[in-house]
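Peer 1: The structure that follows is given in the form of structure tokens.
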Amino acid sequence: MIFGADDAAPPDATKLDGATEATLARSLSALPSDERGWITFSEARILFSTKGAQYAFGETDKDGRRKIESFAALHRSVINFMPVEGRVYFLRDPNAVTSIG
């Protein structure tokens, strides 16, 4: 056994309910501060983007990015897109801005 091996791998984040914006908002509000949760990229695309899977939240999807970023800010969270994992992570941040300029 290698010392510190368990410390190197953080536990997986909580799967949030991405069925609707309302259920996602409830899931985010239940997430403790400074913890992260995730929804599938597909769930995020259905909720916030009008683009197909290949283009959702990319350079040509400014509206989709704006919608999900505004939603995250409203719920005091920051987002991180992880397309290889097929996930969008939300980190609850009590210091997150509540409006996008």
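Peer 1: Report the full-extension gain for the segment Thr60 to Thr23: residue separation times 0.36 nm, less the Cα-Cα distance, to one decimal in nm.
Peer 2: Result: 10.6 nm gained on full extension.
Peer 1: All other residues with a Cβ under 15 Å from the Cβ of Phe41 taken together, and with Lys, Arg as +1 and Asp, Glu as -1, what is their net charge?
Peer 2: Here the charged neighbours net out to +3.
Peer 1: Ok, one more. What's the local net charge at Arg76, with K and R +1, D and E -1, over the other residues with C-beta under 15 Å away?
Peer 2: -1
Every number in this text was worked out from the coordinates using simple rules, so none of it is lab data. These figures come from a predicted structure and were not determined experimentally. Glycine gets a Cβ as well: all are built from the backbone with ideal geometry, and neighbour counts include every protein chain shown.
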